[in-house]
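S.K.: Pasting in a structure now, in structure tokens, and then I'll have a few things to ask.
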Amino acid sequence: MKSLDNTYYIALSFHIPKPKLKAYHEYLNTHVIPVYMRNMNESITTYNIYTHKLTTEKHGEFPLWNMLHVIQLQNHDLAAPLMSELNQTQPFPGAIIVRQELLVSTPGSNFPVQNQQTRRRWLKPLQVVEHVDVQQDSLEEFRNIMIHGNGPAMNFILSERKWR
């Protein structure tokens with residue numbers, strides 16, 4: 001899944017208690033992935049599910065996520081019906097919803113895609129997901145920094161410095 005400029009995503013992050021992770025994977029296969037597959041090519045372009053195994057720091061009194069679903073949408077208008085269908089799905093016992101967001105990619109942003117170099121690592125490929133908590137009154141300034149500064153800089157690093 002690669003990010004395209006102004007592409008919409010649904011991001012769902014959950015905290016699943018460690019003893020229930022195996023059962024959660026079964027739940028994914030029987031309850032959630034069938035919803036994703038049923039909506040594939042109609043409202044969903046593609047999706048990825050990430051597991052979180054390590055963190056560098058924690059701020060705030062909220063649970064850390066360890067499961068992240070990122071769903072790329074065909075367009076913005078399809079988010080509400082898909083979320084409605086997902087919310088009608090039987091919830092997994094013990095799951096804590098950490099965040100549910102509708103995201104739009106910024107120009108020049110990148111989405112983690114596994115390539116040959118990362119497949120050769122001795123450890124499973126490392127994907128880094130960063131969350132920045134931006135207050136509403138600073139959101140426009142933050143967007144401008146990401147669009148005009150961070151996005152192009154990361155694009156340069158990935159393409160010119162061969163970090164992919």
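Bear in mind these aren't lab numbers, they're just calculated from the coordinates by the rules spelled out. Keep in mind the model is a prediction, meaning the values are calculated, not measured. With ideal geometry, Cβ positions are generated from the backbone for all residues, glycine too; neighbour counts draw on all protein chains shown.
S.K.: Can you pull out the trypsin sites (Lys or Arg not before Pro) in the range 1-105 that DSSP calls coil and that have at most 11 other Cβ atoms within 10 Å?
M.R.: Numbers: sites: LYS2, LYS20, LYS22, ARG38, LYS53, LYS58, ARG99; in loops: LYS2, LYS53, LYS58.
For trypsin sites (Lys or Arg not before Pro) across the range 1-105 that sit outside H, G, I, E and B with at most 11 neighbouring Cβ atoms in 10 Å, the list reads LYS53, LYS58.
S.K.: Then there's this: For the pair ALA95 and ILE49, how long in nm is the line joining their label points, each one 7 Å along Cα→Cβ?
M.R.: 0.8 nm
S.K.: While we're looking at this one, here's another question. Give me the number: length gained by fully extending ILE147 to ASP77, i.e. 0.36 nm times residue separation minus the C-alpha to C-alpha distance, one decimal in nm.
M.R.: 22.9 nm
S.K.: Same structure, new question: What's the extension gain from GLU160 to GLU61 if we count 0.36 nm per residue and subtract their Cα-Cα distance?
M.R.: Contour length minus the Cα-Cα distance gives 31.7 nm.
S.K.: Full extension from GLU42 to THR30: what is 0.36 nm times the residue separation minus their Cα-Cα distance, to one decimal in nm?
M.R.: So the extension gain works out to 2.3 nm.
S.K.: Can you list the aspartates and glutamates whose alpha carbon sits under 20 Å from that of LYS18, skipping same-chain ones fewer than 8 residues off?
M.R.: Qualifying aspartates and glutamates at Cα under 20 Å: GLU26, GLU57, GLU61.
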